[in-house]
Amino acid sequence: MAETLIMGAVAYAPKVVTIWEGFKAYFAERGLTFDYALYSNYERQVEAQFEGAIHLAWNSPLAWVRAERMAKARGVAVSAVAMRDTDRDLTSLIVVRADAGIEALADLRGKTVGFGAVDSPQATLIPLEHLSGHGLQAGRDFTARRFDRLGGKHGDHIGGERDAAMALMRGEIDAACMIDGNHLAFTGEGTLPAGGTRILAQTGAYDHCNFTVSPGVPTPRVDRFVELLLAMSWDDPTVRPLLELEGLRQWLPGRVTGYALLERAVDEQGFYAADGRILAADYRY
């Protein structure tokens, strides 16, 4: 029997098992022996890529940044081979209440801004970098309040962002940071009342998750994995439920051009060192 291609994934929600069991069956039906290993956090998962435990990983953008740094420091390479159509060109928002009288970023001086988890690219790291670029430093110009849920999951859950949104509407904070899609979702579900908030600022665009191939993995098996992945069709009734659960309509080839913004945020806030070591002192996972 052909050697099994093993993928790592982080168990940020119960649906993860359903998703990857479905993918396992999809690949098996097409002759690719595939399995997955679940990790409780991305830090362990990335480290497993360099220990030879997994051949590839479904990585968050922050996990990709760490994996690439670790690879460069060791003189090896990792590659991003595929991503969702919904992983490209995303933005984060800084949202205020519509009646708050906050008209510009400068008006946040002396205010309290809500963020997501400590390791959330979309709700913490990138918004902090955006504010810094406009001359606003946490602890100096405004008070940062983190809604720090599920460390190690890199903000894949939306609990911290939703908590910040609810705190905003209760008047506990003056602004809340969230990814653009969650702003729409929170408005649709009523967490943010229609017309009750206003977008104060929008960050630059960035990319989200990707399949990261571990160092030294034979190319043919990865090529077959990517071939089958990209062939998944929204019009296939057996495949569509899996795509819906994973939040996409189409798989696309991977790219790494969309991580520059997060790279700057990681360096500015001292989250990872250049060699991938974790520097964030209050990070628990």
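The values are calculated or read from the model by the stated rules, or taken from the named source; none is laboratory data. Computed from a prediction, not measured in an experiment: that's the story for all the values here. FYI the Cβ positions are ideal-geometry reconstructions off the backbone, even for glycines, and counts take in every protein chain you see.
Among the numbered conditions (1) outside the structural domain of residue 56 (by the TED database); (2) within 26 Å of residue 285 (Cα to Cα); (3) crowded, with 16+ Cβ neighbours inside 10 Å, tell me where residue 139 comes up short.
Tallying (1) outside the structural domain of residue 56 (by the TED database); (2) within 26 Å of residue 285 (Cα to Cα); (3) crowded, with 16+ Cβ neighbours inside 10 Å, residue 139 fails exactly one: (3).
Return a yes/no flag: does segment 162-171 have any residue that is basic (Lys, Arg) and not assigned by the TED database to the domain that holds residue 81.
Scanning segment 162-171 turns up at least one residue that is basic (Lys, Arg) and not assigned by the TED database to the domain that holds residue 81.
Can we say residue 91 is touching a Ser or Thr at 6+ places or on another chain (Cβ under 6 Å) and within 22 Å of residue 256 (Cβ to Cβ)?
yes
Tell me which residues, restricted to segment 159-207, are basic (Lys, Arg) and under 21 Å from the mean Cα position of the chain (by Cα). Lay out the reasoning, then the answer.
Looking only at segment 159-207, we keep the residues that are basic (Lys, Arg), and these are 162, 170, 198.
Listed by number, the list holds a single entry, 162.
If I filter segment 233-270 down to residues being without any contact (Cβ under 8 Å) to a residue 60 or more places away in the chain and hydrophobic (A, V, I, L, M, F, W, C), which single residue comes out as nearest to residue 23 (Cα to Cα)?
Here the residue is 243.
Working only within segment 148-176, note down all residues that are in contact with a helix residue (DSSP H, G or I) (Cβ under 9 Å, 6 or more places away or on another chain), farther than 30 Å from residue 58 by Cα and buried (at least 19 other Cβ atoms within 10 Å of the Cβ).
173, 174, 175, listed by residue number.
Here is a list: 198, 221. Which entry is touching a strand residue (DSSP E or B) at 6+ places or on another chain (Cβ under 8 Å), at pLDDT below 95 and either surrounded by 14 or more Cβ atoms within 10 Å (Cβ to Cβ) or charged (D, E, K, R) (or both)? It would help to see each step written out before you state the result.
Values: 198 fails: at pLDDT below 95.
Only one candidate passes the filter, namely 221.
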